[in-house]
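Taking it in order: structure first as structure tokens, then the write-up.
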């Protein structure tokens, strides 16, 4: 596995640990959405500009979970046991009902975006029994319009 061109860290946990797990593309967490609209007044040309506020966003990111290594990059003795241990580790240390709202940092090259997030769900879409690898998603809610 090659070194990431980006790294997403949630609650102090990098989501690119070779042999343990990886989030493929965290860039949707930097989307900026706002709430509010301008006001249209009948009989008047144009609109009256109103202040917009940054809205919370919710994104699903593709997540791979492997069983070869643990969170520290140390090899598991058994890949099947390692897969389950990694999945349970992510649940215990990321899910909002366990840890609440936590800090997130996304680094791409020399640029960094930060913000508060909640990980709402870890979803396993497909499991490869021969490779002990799961493909799924991590459901993340970002406050204040995404990471910035």
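The set of residues in segment 98-131 being closer than 17 Å to residue 31 by Cα and surrounded by 14 or more Cβ atoms within 10 Å (Cβ to Cβ) consists of 104, 105, 106, 107, 108, 113, 115, 116, 117, 118, 119. Summed over segment 13-60, the residues that are touching a residue at least 40 places away in the same chain (Cβ under 8 Å) and closer than 30 Å to residue 75 by Cα give a count of 13. Annotation for segment 34-45: no member residue is touching a strand residue (DSSP E or B) at 6+ places or on another chain (Cβ under 6 Å) and under 25 Å from residue 134 (Cα atoms).
Hey, any hits in segment 86-97 for a residue that's in contact (Cβ under 8 Å) with a residue 60 or more places away in the chain, surrounded by 18 or more Cβ atoms within 10 Å (Cβ to Cβ) and farther than 27 Å from residue 31 by Cα? Yes: one or more hits. Taking segment 18-49 as the range and being within 28 Å of residue 85 (Cβ to Cβ) and buried (at least 18 other Cβ atoms within 10 Å of the Cβ) as the test, the residues that pass are 19, 20, 21, 22, 23, 26, 29. The residues on offer are 117, 65, 123, 74, and the sole one that is touching a residue at least 60 places away in the same chain (Cβ under 8 Å), out of contact with any helix residue (DSSP H, G or I) (no Cβ under 6 Å at 6 or more places or on another chain) and more than 13 Å from residue 141 (Cα to Cα) is 123. Select from segment 1-30 the residues that are out of contact with any strand residue (DSSP E or B) (no Cβ under 6 Å at 6 or more places or on another chain) and at pLDDT below 90 and list them in ascending order. The answer is 1, 2, 3, 5.
The values are calculated or read from the model by the stated rules, or taken from the named source; none is laboratory data. All figures in this text were calculated on a predicted structure; none of them were measured in a lab. Reconstructed Cβ throughout: ideal geometry from the backbone, glycine too, with neighbour counts over all protein chains shown.
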